[in-house]
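The values are calculated or read from the model by the stated rules, or taken from the named source; none is laboratory data. The shown structure was predicted, so the numbers you read here are calculated from the model rather than taken from an experiment. Using ideal geometry, Cβ is built from the backbone for each residue, glycine included, and neighbour counts are taken over all protein chains shown.
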Amino acid sequence: MKVVIKIGTSSITQANGNGINTVLIEELVELVQELKSQGHQSIIVSSGAVGLGSRRLGWTEKPKTITLKQAAASVGQVYLAKAYEDHFQKYNQPTGQVLLTRIGMQDKERYLNARLTLRELLRLNVVPIINENDVVADDEIKFSDNDYLSAVVSELVSAEHLFILTDTEGLFTEDPRNNPNAELISIVEEINSEIEARAGMRGSEWGTGGMSSKIEAAKMATSFGTTVHVLSGKYPQRIAEILNGKTYGTTFTPKNVLVDGTKAWIACGVSPKGKLVVDSGAASAINRGKSLLPVGIKKVLGKFGRGDALEIFYEEEDKQRRVIAKGLTKYSSADLTKIVGHSSEDIESILGYSYGNSAIHRDDLVVLAS
């Protein structure tokens with residue numbers, strides 16, 4: 001069984017600001033060795049490079065400019081990798097540093113190469129330590145946060161479980177920092193607008209994510225078959241207990257498995273360039289594995305070209321929009337604006353040409369939520 005463990009900045013750094021949380025690293029390394037003895041393979045997605053680098057440089061606040069963030073990441077990444085290697089070395093366990101960028105994942109060949117490399121590392125009994133390459137990634141080309149990156153990694157290695165360790169016990173009915181009577185939600189079988197509304201918690205001062213980013217990561221990872229667990233980073237040993245049947249934190253149950261490499265790339269690798277809002281009939285057809293036709297599109301948002309990735313939204317009765325799918329469009333935004341709501345038979349007469357009856361063909365369409 002393959003297990004991805006994501007460690008947040010708030011967990012990997014000491015509360016007093018004096019650097020890396022070596023106690024957590026030790027516990028995590030012991031956990032990985034225990035999982036190994038049980039036949040499991042572990043992949044670690046570790047945040048903390050910018051925070052650790054900043055503290056290493058004596059800064060008391062998170063850097064604001066891109067260049068300062070990149071400089072801090074350069075310093076912190078060395079510190080982070082060395083800490084993991086030193087602790088794993090006690091067990092003669094080799095580790096491999098893997099730095100990924102969103103722009104690299106946009107290219108299908110690079111995406112598939114990353115998948116092959118990670119799987120080869122696992123075959124060689126190496127524990128991959130993964131982070132975003134913050135030294136070269138700026139706000140325009142980076143992953144939104146490492147929660148999202150951990151979902152991408154889960155697909156790359158076909159992980160059965162993704163554990164997101166954070167500074168709360170899981171998803172609550174309300175923010176427990178504001179309401180001590182908030183109740184933990186143990187199981188989430190469907191990530192709907194109600195669940196998303198409960199995830200309004202912000203991240204820590206040094207981190208980039210919050211509970212909402214973990215919900216988005218869970219939505220993606222569960223869509224291709226990974227069970228996602230959000231739990232406290234104070235007790236990494238609970239991961240082994242969960243795999244043995246105990247319950248901690250919040251568990252998000254998986255949906256259908258994506259086995260097609262192209263669809264996995266569409267879901268995880270390529271960034272959306274625009275959005276489509278569809279009606280209930282189109283939403284239902286998409287969930288049944290059908291193509292998206294122009295007649296089912298209500299709105300075209302953004303400017304994009306043929307072949308670009310689009311997010312597909314369904315607008316519910318309360319006017320809340322939620323992402324239900326992602327796909328590669330056969331028509332530009334200018335073309336789609338002209339043919340929305342029309343029958344496929346009218347495409348050629350409206351545009352003067354046709355690239356097919358569908359706006360997005362089912363082979364280029366990935367369902368993310370029902």
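Could you tell me whether segment 49-61 includes any residue that is surrounded by fewer than 23 Cβ atoms within 10 Å (Cβ to Cβ), of a type in the set (Val, Ile, Thr) and within 25 Å of the chain's Cα centre (by Cα)? No: zero hits.
Quick grid of which residues meet (1) over 19 Å from residue 238 (Cβ atoms); (2) assigned by TED's automatic domain parsing to the domain that holds residue 152; (3) polar (S, T, N, Q):
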position: 13; (1), (2), (3): yes, yes, yes
position: 36; (1), (2), (3): no, yes, no
position: 62; (1), (2), (3): yes, yes, no
position: 69; (1), (2), (3): yes, yes, no
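Restricting the search to helices (runs of 4 or more DSSP H) fully inside segment 88-167 and requiring at least 2 residues that are among the acidic types (Asp, Glu) gives 108-123, 146-156. Is it fair to say residue 78 is free of Cβ contacts under 8 Å to residues at least 40 places away in the same chain, out of contact with any Gly (no Cβ under 8 Å at 6 or more places or on another chain) and assigned by TED's automatic domain parsing to the domain that holds residue 163? So residue 78 fits the description; yes. Residues in segment 299-323 that are more than 15 Å from residue 363 (Cβ to Cβ) and part of a loop (DSSP other than H, G, I, E, B): 302, 303, 304, 305, 306, 308, 316, 317, 318, 319, 320.
Taking the criterion of being at positive phi and over 36 Å from the mean Cα position of the chain (by Cα), the only residue of segment 342-370 that qualifies is 352.
Does any residue of segment 20-29 turn out to be in contact with a Lys or Arg (Cβ under 7 Å, 6 or more places away or on another chain) and of a type outside the set (A, V, I, L, M)? Looking through segment 20-29, none of the residues is in contact with a Lys or Arg (Cβ under 7 Å, 6 or more places away or on another chain) and of a type outside the set (A, V, I, L, M). Within segment 233-255, being over 22 Å from residue 30 (Cβ atoms) and not polar (S, T, N, Q) holds for 252, 254, 255. Please tell me if residue 348 is more than 27 Å from residue 109 (Cβ to Cβ), at pLDDT 90 or above and among the acidic types (Asp, Glu). In short, yes. Taking first residues from segment 90-114 that are outside the structural domain of residue 80 (by TED's automatic domain parsing) and under 24 Å from residue 272 (Cβ atoms) and partners that are buried (at least 16 other Cβ atoms within 10 Å of the Cβ) and at pLDDT 95 or above, no Cβ contact under 8 Å between residues at least 6 apart in sequence or on separate chains turns up.
Report, by residue number, each residue of segment 137-170 that is modelled with pLDDT of 95 or more and among the β-branched types (Val, Ile, Thr). The answer is 164, and nothing else. The condition of being of a type in the set (Ser, Thr, Tyr), under 23 Å from residue 9 (Cα atoms) and either over 23 Å from the mean Cα position of the chain (by Cα) or crowded, with 21+ Cβ neighbours inside 10 Å (or both) does not hold for residue 91.
Within segment 324-370, being in a helix (DSSP H, G or I) and within 18 Å of residue 287 (Cβ to Cβ) holds for 362, 363, 364. Restricted to segment 180-252, the set of helices (runs of 4 or more DSSP H) holding at least 3 residues that are modelled with pLDDT of 90 or more and in the same structural domain as residue 76 (by TED's automatic domain parsing) comprises 211-223, 238-243. With respect to being within 18 Å of residue 231 (Cβ to Cβ) and not in a helix (DSSP H, G or I), residue 6 fits the description. Taking residues in segment 349-370 that are of a type in the set (Phe, Trp, Tyr), and partners anywhere that are not in a loop (DSSP other than H, G, I, E, B), not one pair has Cβ atoms closer than 7 Å while being at least 6 places apart or on different chains.
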